[in-house]
C-alpha cells in the first residue's frame with residue numbers, strides 16, 4: 001500500500017508542476033512569459049508545497065503587477081514578500097538575446 005501512496009503523491013506533484021509550468025509560460029505577453037516562465041524554470045525544482053502554493057497565488061495576479069514588483073517599480077504586497085520575491089527581483093534567470 002505504501003508504494004501506491006508514494007506513487008500517487010509523486011503523480012499529483014507532477015501534475016501540479018506541469019500546471020504551474022504551463023501557467024508561468026502562457027501569460028499573454030512575450031515579456032511576461034519570459035520573466036515569469038524563466039523564473040519558474042530556474043527555481044521550481046527546490047520548492048516545497050508551501051512555495052508552490054505561493055507561486056500559484058502569484059500567478060493569479062496581473063502580469064504588469066508581477067513584473068513591476070520584480071523590477072522594483074511598485075512595492076511588493078506583504079503576502080508576496082520573502083525569499084521567492086527576492087529571487088525574482090535578482091532577474092538573473094532572464095536570458096539576454098544578442
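Taking first residues from the range 60-72 that are in contact (Cβ under 8 Å) with a residue 12 or more places away in the chain and partners that are not in a helix (DSSP H, G or I), the Cβ contacts under 7 Å between residues at least 6 apart in sequence or on separate chains come to 63/27; 63/28; 63/29; 69/76; 70/91. Evaluating residue 97 against the criteria (1) outside any helix (DSSP H, G or I); (2) within 13 Å of the chain's Cα centre (by Cα) leaves one unmet condition, (2). Being under 22 Å from residue 94 (Cβ atoms), in a helix (DSSP H, G or I), modelled with pLDDT of 95 or more and out of contact with any strand residue (DSSP E or B) (no Cβ under 6 Å at 6 or more places or on another chain), is that true of even one residue in the range 9-18? No, every residue in the range 9-18 fails to be under 22 Å from residue 94 (Cβ atoms), in a helix (DSSP H, G or I), modelled with pLDDT of 95 or more and out of contact with any strand residue (DSSP E or B) (no Cβ under 6 Å at 6 or more places or on another chain). Of the residues making up the range 73-98, those that are modelled with pLDDT of 95 or more and under 22 Å from residue 28 (Cβ atoms) are 73, 74, 76, 77, 80, 84, 85, 88, 89. A single member of 89, 74 is touching a helix residue (DSSP H, G or I) at 6+ places or on another chain (Cβ under 9 Å), in a loop (DSSP other than H, G, I, E, B) and surrounded by 13 or more Cβ atoms within 10 Å (Cβ to Cβ), and it is 74.
For the range 20-31, enumerate the residues that are at pLDDT 95 or above and part of a helix (DSSP H, G or I). Residues satisfying the conditions are 20, 21, 22, 23, 24, 25.
The values are calculated or read from the model by the stated rules, or taken from the named source; none is laboratory data. Predicted, not measured: the structure shown is a model, and the values here were computed from it. Virtual Cβ from ideal backbone geometry, glycine too; neighbours counted across all protein chains shown.
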